[in-house]
Amino acid sequence: MSESRTQDLSDSSAEARKPVRSGKSSATIYDIAKLAGVNPSTVSRALSKPGRVSAKTQKLIEDAAAQLEYRVNPFARALPTGRTNTLALIVADITNPTFFGIIRGAESTATARDYTLMLAESAESADTELTAARRMLTTVDGLILASPRMDDARIRELAQEKPVVVINRQVDGVPSVVPDVNKGIGEAVRNLAANGHRKVAYVAGPLQSWMTTRRWEGVKAACEWSHLECVQLPSHKPTVDGGRQVARDVVASGATAVMTYNDLLAIGLMQELQAAGVQVPDRISIVGFDDIFGADFTTPALTTIRSPMTACGTEAATLLLEVLHGAEEVSPALQVETELVLRGSSGRLLAADHPA
């Protein structure tokens, strides 16, 4: 084999060993400076604080950046300012429609203020929630916890690192947004009493849920006021399947009306009762909580207590941004109202089946 042929093969082999790079490199301020014919420091001033260079130079730099498809790196921008313009939101269960409105409200508020929202879920686990929060706090300006499962001490520790706002929870020293459950629960219990019911069962949520305790307290107080008997029943998990599993306990309790921790439990309970031949609402009335998307898709449509979750997300993000931007006064606990939404799953108890 000739010497030139050997050299060609050697070069080809060396070329094959070079790492393959996918895509093109991101443009830097040095690339922009070269194209615009200015110093890199001028580019940095123009991109970070417009108005510090002349209008002509600003236009040159913006045109060059657009031509190079330059994108600001929020983490590089955070080096001199300490801010990434990024917020984090952790929800208990990303598959639960209850959180859709919270996500939408928080995201739209963040976007309107030129912030990006990062999303994670705890999968109903306090340990997973804490791990996600600690990881996210290294790269975000503030954190929203929706229905957190951690204890108060852990949440306060996180709030010492970065600003934190909680939804569906009250923690001393941490701003919160909480639905006032008593109004909606009171309306529901009075309606059940007016329809002939004398015993109400409350199907509880997760043991680590702060909100399930508040709702049970609201049910007890409303039933006492209306002279109704009430009983609390545990659920396996706050899902449709959890609702199906608690159906036997509901029937065994002797209650003719059921209020559940959330709509998913109510939907699963309704499905299981109907499959067993129990008529809803003639024999058992069902009232859910939250008024999630699809609550009116069931047959009969689900009566529920509406929580304004989009408003909760909006208010939480607004509170967090107020803290970040140095507001002198921030509401420590903001409440939003709940209301009863009457549909077909609750109604008058048939006297033939359950004499008063």
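The values are calculated or read from the model by the stated rules, or taken from the named source; none is laboratory data. Everything quoted here is computed from the prediction, not taken from an experiment. We place every Cβ from the backbone using ideal geometry, glycine too, and count neighbours over all the protein chains shown. With ligands, DNA and RNA removed, areas are computed over all heavy atoms of the protein, side chains included. Shrake-Rupley method; radii C 1.70, N 1.55, O 1.52, S 1.80 Å.
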(request) May I ask you to compute the full-extension gain from L119 to E69, defined as 0.36 nm times their residue separation minus their alpha-carbon distance, rounded to one decimal in nm? (result) 15.4 nm
(request) Could I have the simple spin-label model distance between T111 and F297, label points 7 Å from Cα toward Cβ, reported in nm to one decimal? (result) 2.3 nm
(request) Could you list, by residue number, the cysteines of the chain that have no other cysteine's beta carbon within less than 4.7 Å of their beta carbon? (result) C312
(message) Rolling a 1.4 angstrom probe over the protein chains, ignoring ligands and nucleic acids, what is the accessible area of R198 in square angstrom, nearest 10?
(response) 130 Å²
(message) Taking a ≥ b ≥ c as the square roots of the Cα gyration tensor eigenvalues, with a/c under 1.5 meaning rounded and otherwise prolate when a/b beats b/c, else oblate, which class fits the range 29-72?
(response) rounded
(message) Under the rule that an exposed site lies in a DSSP loop and has at most 10 other Cβ atoms within 10 Å, name the longest stretch of the chain with no GluC sites (Glu not before Pro) of that kind, not counting the sites themselves.
(response) 70-327
(message) Output wanted: per-residue J couplings in Hz (rounded whole) for the range 29-45, from phi through Karplus 6.51 cos²θ - 1.76 cosθ + 1.60, θ = phi - 60°, x for Gly and Pro.
(response) 5, 6, 5, 5, 4, 5, 5, 7, x, 10, 7, x, 5, 5, 4, 4, 5
(request) Can you sort T139, T116, T303 by 1.4 Å-probe accessible area, starting with the largest? (result) T116, T139, T303
(message) Rounded to the nearest 5, what % of DSSP beta bridges with both residues in the chain are antiparallel?
(response) 10 percent
(message) Within the range 209-245, name every residue whose backbone N is under 20 Å away from a label modeled 7 Å from Cα of D151 along the Cβ vector.
(response) 209-214
(request) For the range 292-298, take each phi angle, set θ = phi - 60°, evaluate the Karplus expression 6.51 cos²θ - 1.76 cosθ + 1.60, and give the result in whole Hz per residue in order, putting x for glycine and proline. (result) 6, 4, x, 5, 9, 8, 6
(request) Calculate, in nm to one decimal, what Q335 and A252 gain on full extension: separation in residues at 0.36 nm each, minus their alpha carbon distance. (result) 26.3 nm
(request) Any chance you could count the Lys pairs in the chain whose alpha carbons are under 22 Å apart, treating pairs 8 or more apart or on different chains as valid? (result) 9
(message) Can you give me the % of accessible surface on the chain that is carbon or sulfur? Probe 1.4 Å, all protein chains present, nothing else counted.
(response) 51 percent
(request) With a probe of 1.4 Å, find how much accessible area the range 195-237 has per residue, and write the answer as a whole number in Å². (result) 51 Å²
(message) Out of the chymotrypsin sites (Phe, Trp or Tyr not before Pro) in the range 285-356, which ones are loop residues according to DSSP with at most 14 other C-beta atoms within 10 Å?
(response) F293, F297
(message) Within 11 Å, Cβ to Cβ, of N96, how many net charges do the neighbouring residues add up to if Lys/Arg are +1 and Asp/Glu are -1?
(response) -4
